[in-house]
Amino acid sequence: MIGGTLRASLIIGVLIYFVIILKFLKDKSLSLKYTLLWIFSGVVMGIFVIFPELLSRIIGIVGIQSNMNGLFVFGIAFLMMIMMSITSIVSRQNKKIRTLIQENAILEKRIRELEQKEI
């Protein structure tokens, strides 16, 4: 069980987390579609802080012996999901950048050809 002081500190931490995410969204440091991933992680953290018994039950269902080991396993799994999502985003952005570079090169070639015809 989590003590009252620790639970209050964790709730304050989750609220500060949401304030930071919303500030990034307001400053347009994060796009809305990417912010949803971080908001989802905050909601999961908030649920586990408010209902710590839920984490113990899930750990028991999965068959992990220690709550700490279960917390680490779930934390690492969640971080891997975030990393895969970010890698997917980076890959899509890389494809878009490559396409834009190719289109820009084609346009520059056409401009040079038109300039050559005018001379």
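Work out which helices of the chain, taken as complete DSSP H runs, extend at least 30 Å along their axis over the Cα atoms and score a mean Kyte-Doolittle of -1.0 or more, then list them.
Result, helices passing both filters: 4-26, 67-118.
For the chain, go through all pairs of different Cα atoms, get the mean of 1/r, take its inverse, and jot down that Kirkwood value in Å.
18.2 Å is the Kirkwood radius here.
Please compute the length gained on full extension between Met80 and Asn104, using 0.36 nm multiplied by the number of residues separating them and subtracting their Cα-Cα distance.
Gain on stretching Met80 to Asn104: 5.1 nm.
What is the magnitude of the charge dipole of the chain about its Cα centre, with +1 placed on the Cβ of each Lys and Arg, -1 on the Cβ of each Asp and Glu, and no other charges, expressed in debye to the nearest 20?
Charge dipole of the chain: 160 debye, to the nearest 20.
Distance cut-off 24 Å, Cα to Cα: go down the list Lys95/Lys117; Lys33/Lys95; Lys23/Lys95 and report the pairs above it.
Those over the limit are Lys95/Lys117; Lys23/Lys95.
Just so you know, all these numbers are worked out from the coordinates, no wet-lab data involved. This structure is a prediction, so every number in the text was calculated from the model and none was measured. Heads up, the Cβs are rebuilt from the backbone with ideal geometry, glycines too, and the neighbour counts pull from every protein chain shown.
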